[in-house]
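K.L.:
Sharing a structure here in structure tokens format.
The values are calculated or read from the model by the stated rules, or taken from the named source; none is laboratory data. Since we're looking at a predicted model, the values are computed, not measured. We place every Cβ from the backbone using ideal geometry, glycine too, and count neighbours over all the protein chains shown. SASA here: full protein model, heavy atoms, side chains in, ligands and nucleic acids out. Shrake-Rupley method; radii C 1.70, N 1.55, O 1.52, S 1.80 Å.
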Amino acid sequence: VAVAAVPEGLPAVVAIVLALGVSRMTKVNTIVRKLPSVETLGSVTTVCSDKTGTLTQNRMTVKQVYFNNKIVSAEEAKKEDIDLMLKGMMLCSNASINGDRYGDPTELALLDYAKLYGYNKEELEETTHKRVDEMPFDSVRKMMSTMNVIDDKKVIFTKGAMDSILLHADRIYIDGEVRPITEEDKRNIENASSEMASNAYRVLAFAYHEADEINEDNLIYFGMYGMIDPPRPEAKDAVSVFKTAGIRTIMITGDHKDTAFAIGKELGIAENIDQCVSGSELNE
């Protein structure tokens with residue numbers, strides 16, 4: 001009515017209405033800097049959220065280990081069985097837990113796990129496992145590699161997604177021996193990976209080989225870690241509130257589809273694995 005009587009009053013009325021909205025939001029711990037964003041928030045229909053650190057606690061921990069065609073809990077794995085993987089996974093990282101912790105949460109989890117068996121990344125790199133080269137991780141290769149000199153031999157440690165590692169592996173280390181990898185070996189690895197992922201574990205595979213120059217060909221597959229990043233308790237409540245408000249929640253993650261679904265199901269984001277779309281499917 002006021003605007004009809006005095007059209008020039010429209011900006012003032014709009015500002016007052018938005019200001020009232022802002023004051024109501026401050027009572028529920030929400031501070032808005034620009035008034036028009038209140039209107040934008042009110043028209044939200046979909047929220048896309050990163051998983052790690054937003055929907056989850058960003059506190060990765062190694063829970064399972066796969067080697068010699070078997071999955072064992074992280075606590076039960078014997079040092080002599082997984083010694084190479086312990087050192088290789090730890091050295092193939094740029095994180096540090098000496099003093100101030102820094103680095104990717106996944107890599108920090110690898111260092112924490114190796115420390116339980118008495119290994120220190122910096123000590124090994126300064127003494128018997130000097131790093132001489134690196135191939136950084138990227139989202140296309142889904143792998144990272146470092147070259148370390150051990151007993152005058154150049155050994156390349158590679159960690160990454162299970163499917164990427166298998167694509168470049170032509171041998172496997174099993175029962176203390178290296179032999180050509182078979183289709184049955186690959187099926188066993190894929191089945192183990194799916195089993196880990198279905199329990200919401202992030203799966204990270206490890207391989208190695210010797211070469212004069214750093215590369216990721218002709219790898220010797222060794223094993224995998226199953227790690228978990230627990231969901232934030234408050235994230236489930238937030239998803240529930242969004243659902244009530246008619247807002248869709250979409251989780252975006254670099255994890256395996258099975259792992260993503262397990263977390264998504266726990267948070268109430270997904271009910272069926274058919275709701276999950278992989279990166280390759282999205283590209284197509």
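K.L.:
Using label points projected 7 Å from each Cα along Cα→Cβ, tell me how many nm separate Glu195 and Glu80, to one decimal.
P.N.:
My value for the distance between the label points is 2.4 nm.
K.L.:
Report the local net charge at Ile273: Lys and Arg +1, Asp and Glu -1, summed over other residues whose C-beta lies under 11 Å from its C-beta.
P.N.:
-1
K.L.:
Extension gain Ala4-Lys257, at 0.36 nm per residue separation less the Cα-Cα distance, in nm?
P.N.:
Gain on extension, Ala4 to Lys257, equals 85.5 nm.
K.L.:
Looking at the square roots a ≥ b ≥ c of the eigenvalues of the Cα gyration tensor of the range 220-284, which shape do they give, rounded for a/c under 1.5, prolate if a/b is larger than b/c, or oblate?
P.N.:
Oblate, because a/c is 1.5 or more while a/b does not exceed b/c.
K.L.:
If you place +1 on the Cβ of every Lys and Arg, -1 on the Cβ of every Asp and Glu, and leave all else neutral, what size is the dipole of the chain about its Cα centre, to the nearest 20 Debye?
P.N.:
It works out to roughly 1460 debye.
K.L.:
Apply 1/(1 + (r/R0)^6) to the Cβ-Cβ distance of Ser240 and Ala12, taking R0 = 41 Å, and write down the FRET efficiency to the nearest 0.05.
P.N.:
The value I calculate is 0.60.
K.L.:
Just want to confirm a number: the relative contact order over the chain, from Cα pairs under 8 angstrom separated by 6+ residues, in percent.
P.N.:
Relative CO of the chain lands at 20 percent.
K.L.:
OK, next. Net charge around Arg179, counting only other residues with Cβ within less than 13 Å of its Cβ (Lys, Arg = +1; Asp, Glu = -1)?
P.N.:
Neighbour charge sum, excluding Arg179 itself: -4.
K.L.:
Please calculate the 1.4 Å probe accessible area of Glu281, with all protein chains present, and give it to the nearest 10 Å².
P.N.:
That residue has around 90 Å² of solvent-accessible surface.
K.L.:
If each DSSP helix of 4+ residues adds -39,500 (n - 2.57) and the sum is divided by the residues in the chain, what number results at 222 nm, nearest 500 deg cm²/dmol?
P.N.:
Value at 222 nm, helices only: -11500 deg cm²/dmol.
K.L.:
Set the Förster distance to 35 Å, then compute FRET efficiency between Asp170 and Asp50 from the Cβ-Cβ distance, nearest 0.05.
P.N.:
0.50
K.L.:
May I ask for the distance between the Cα centers of the range 107-130 and the range 167-183, given as a whole number of Å?
P.N.:
Cα centroid of the range 107-130 versus Cα centroid of the range 167-183: 25 Å apart.
K.L.:
Also, quick follow-up: Using alpha carbons only, how many degrees (0 to 90, rounded to 10) separate the axis of helix 233-244 from the longest principal axis of the chain?
P.N.:
50 degrees
K.L.:
On to the next question. Using only the alpha carbons, work out the radius of gyration and Dmax of the chain in angstrom.
P.N.:
24.7, 90
K.L.:
Below 8 Å between Cα atoms, with a sequence gap of 6+, how large is the relative contact order for the range 127-282 in percent?
P.N.:
20 percent.
K.L.:
Let me ask something else. Loop only per DSSP, at most 16 neighbouring Cβ atoms within 10 Å: give me the GluC sites (Glu not before Pro) in the range 63-107, ordered by residue number.
P.N.:
Of the GluC sites (Glu not before Pro), the ones in loops of the range 63-107 whose Cβ has at most 16 other Cβ atoms within 10 Å are Glu75, Glu76.
K.L.:
Return the distance in nm (one decimal) between the two label points of a simple spin-label model at Ala211 and Asn69, each offset 7 Å from Cα along Cα→Cβ.
P.N.:
Roughly 2.9 nm, to one decimal.
K.L.:
Now for a separate question. Over 30 Å between Cα atoms: which of Lys27/Lys236; Lys142/Lys186; Lys63/Lys257; Lys63/Lys243; Lys115/Lys236 fall into that group?
P.N.:
Cα-Cα > 30 Å for Lys63/Lys243; Lys115/Lys236; rest within.
K.L.:
Using a probe radius of 1.4 Å on heavy atoms only, what accessible surface per residue do you get for the chain? Whole Å² is fine.
P.N.:
57 Å²
K.L.:
Using a simple spin-label model with points 7 Å from Cα along the Cα→Cβ vector, what separation in nm is obtained for Arg232 and Ile250?
P.N.:
2.0 nm
K.L.:
Here is a further query. The range 192-232 to the range 1-36: how many Å between their Cα centroids?
P.N.:
The range 192-232 and the range 1-36 have Cα centres separated by 54 Å.
K.L.:
Pop out the carbon and sulfur fraction of the accessible area of the chain as a percent, whole number, probe 1.4 Å.
P.N.:
Whole-percent figure for carbon plus sulfur exposure: 52.
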